[in-house]
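A.B. asks: Here it is, the structure in full.
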Amino acid sequence: MSAILTPVGLLLIILAGYLFRRFGLFGQKDYRVLQTAEFNLVLPGAIIYSFATNPHDISLLWLSAFAFICSAVPVAFIFVTTRKRNVTDRAFLMLNGAGFNLGCFCFPVVQSFWGAGAVVPAAMFDIGNCIMVAAGTNVLTQQLLHIQPGKTLAEQHAGSAPTLPYEKPKDRDAKRLAHRALGRTIFKSFFGSVPFDTYMLMIVLTLLNVHVPDWIATFCQPLSNANALVSMLMVGMLMDLPQSRHDVKEVLAVVAWRVPFSIVFALAAWFLLPFDASVRAVAVIACLAPIAIFSTLFTDKVLGNAKLAGFSLSLTAIIALVLMAIAHTLMGV
């Protein structure tokens, strides 16, 4: 029963956040306070606590590589197959159609299914996933659609064209400056993400066989315990119901992309990964996870409004819960 109650509890927290904002207990932009706390304090603390309290086998880095592929492939497919759509719709689909919500949704679910040890393969899966959701997906979306960082599409006067106007540098100096600017953007996007930096630090410490001190684990435990609450409450606060037929179509398009890919990746995880059944089962659940919390952050920065992304996350969380329950029953692990 607890295996079902835990993810249902997460959905109820989302609902509470939405109702609190709807009835004026939270302001319209208050979610950004939790957003800042989640990405810069709470989630990094949960990552450190996981590595500090559980032994992480380096061989599980193959899970990280698999997760990176699962997070990157849909972005490329969406870009190629939406060439006739406008840049705003393409950006929304690319930012929300790939990547997984592991630290905030999957970790509590797998722990309720199989105990605290199941968080270890989930965390290793999240390393590869984090490369994309914490920066990679946003960088690819900006570069492929020629979106300038730091400005919303409305500020860049996005129209009905599939990409924003872009003139390729022709002379050598202009090309060199463009390459430098791209390098700075990529570096800032990745290493400006505290969760990504935290994962990289934990990998280095694991490779060097350096154990995180117990006092650090004790300090981070409250942050780890707060991770699911803060993240799901934030989603509820920024969520809003679709306001138009176009919004409904956008949400359904995200679901139409995510569900088939998730099922294909879950099947690949179960039948192809070279691990025992307990590890493969966690990978299956990870592949079925909903939209990443980072998607709401980047949708906010690119589109200027993350509310539709919040609703998409909530809807995919409900779908994920159903798929996870079915997968858990079928695997029998």
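A.B. asks: Of the candidates 322, 235, 42, which one comes out as most mobile in a Gaussian network treatment of the chain with C-alpha springs shorter than 10 Å?
C.D. replies: Among 322, 235, 42, the largest GNM mean-square fluctuation belongs to 322.
A.B. asks: Apply 1/(1 + (r/R0)^6) to the Cβ-Cβ distance of residue 77 and residue 188, taking R0 = 22 Å, and write down the FRET efficiency to the nearest 0.05.
C.D. replies: Values: r = 27 Å, r/R0 = 1.22.
The value I calculate is 0.25.
A.B. asks: I would also like to ask the following. Relative contact order for the range 1-115: what percent, with Cα pairs under 8 Å and sequence separation of 6 or more?
C.D. replies: 42
A.B. asks: Right, something else. Return the sequence-ordered ³J(HN,Hα) values of the range 86-97 in whole Hz as given by the Karplus equation 6.51 cos²θ - 1.76 cosθ + 1.60 applied to θ = phi - 60°, using x for Gly and Pro.
C.D. replies: Values, residue by residue: 6, 5, 5, 5, 5, 4, 4, 5, 5, 6, 10, x Hz.
A.B. asks: Got the relative contact order for the chain handy, in percent, Cα pairs under 8 Å and 6 or more residues apart?
C.D. replies: RCO, the chain: 32 percent.
A.B. asks: Take every Cα pair under 8 Å in the range 80-209 that's 6+ residues apart, average their separations, divide by the length, and report that relative contact order as a whole percent.
C.D. replies: Working: 90 pairs, mean separation 40.2, N = 130.
Averaging sequence separation for qualifying contacts and normalising by length gives 31 percent for the range 80-209.
A.B. asks: Give me the distance in nm between label points sitting 7 Å out from Cα along the Cα-to-Cβ direction at residue 272 and residue 15, one decimal.
C.D. replies: Output for this residue pair reads 3.8 nm.
A.B. asks: How much length is gained on full extension from residue 207 to residue 37, taking 0.36 nm per residue of separation minus their Cα-Cα distance?
C.D. replies: 58.3 nm
A.B. asks: Moving on. At 1.4 Å probe size, put 215, 257 in order of accessible surface, largest to smallest.
C.D. replies: 215, 257
A.B. asks: Another one. Under a 1.4 angstrom probe, counting protein chains only, how are 329, 198, 81 ranked by accessible area, largest first? All intermediate terms of the calculation are to be shown ahead of the outcome.
C.D. replies: Values: 329 105, 198 15, 81 85 Å².
Greatest to least solvent exposure: 329, 81, 198.
A.B. asks: Next question. Determine the order of 214, 300 by accessible area, beginning with the largest, at a probe radius of 1.4 Å.
C.D. replies: 214, 300
A.B. asks: So what are the ³J(HN,Hα) numbers for the range 257-274, from phi and the Karplus equation (6.51, -1.76, 1.60; θ = phi - 60°), rounded to whole Hz, Gly and Pro as x?
C.D. replies: Ordered by residue, 3J(HN,Hα) equals 7, 6, 4, x, 4, 4, 5, 4, 5, 5, 5, 5, 4, 6, 9, 10, 5, x Hz.
A.B. asks: Using a cut-off of under 17 Å, list every residue of the range 113-129 whose amide N is near the label point 7 Å from the Cα of residue 225 along the Cα-to-beta-carbon line.
C.D. replies: Those under the cut-off are 116.
A.B. asks: Further question: With all protein chains present, calculate the accessible area of residue 34 using a 1.4 Å probe and round the result to the nearest 10 Å².
C.D. replies: Residue 34 has an accessible surface of roughly 40 Å² with all protein chains in place.
A.B. asks: Now, a different point. Run the reach check for residue 29 against aspartates and glutamates, Cα to Cα strictly under 19 Å, same-chain hits fewer than 8 apart removed. What comes back?
C.D. replies: Once the sequence-local aspartates and glutamates are set aside, what remains near residue 29 is 38, 240, 300.
A.B. asks: For residue 259 and residue 197 in the same chain, what is the full-extension length gain: residue separation times 0.36 nm, less their Cα-Cα distance, in nm?
C.D. replies: Residue separation times 0.36 nm, minus the Cα-Cα distance, leaves 19.4 nm.
A.B. asks: Treat each spin label as a single point 7 Å out from the Cα along the C-beta direction, and report the residue 54 to residue 148 distance in nm.
C.D. replies: The two pseudo-label positions are separated by 4.4 nm.
A.B. asks: Cross-link partners among lysines for residue 168, C-alpha distance below 24 Å, same-chain residues fewer than 8 apart left out?
C.D. replies: 84, 151, 188
A.B. asks: Between residue 168 and residue 155, with labels modelled 7 Å along Cα→Cβ, what's the label distance in nm to one decimal, could you check?
C.D. replies: 2.9
The values are calculated or read from the model by the stated rules, or taken from the named source; none is laboratory data. Nothing here was measured: the structure is a model prediction, and the numbers come from that model. Glycine also receives a Cβ, built like all others from the backbone with ideal geometry; neighbour counts cover every protein chain displayed. When the accessible area is computed, the model is the full protein with side chains, heavy atoms only, and any ligands, DNA or RNA have been set aside. Shrake-Rupley method; radii C 1.70, N 1.55, O 1.52, S 1.80 Å.
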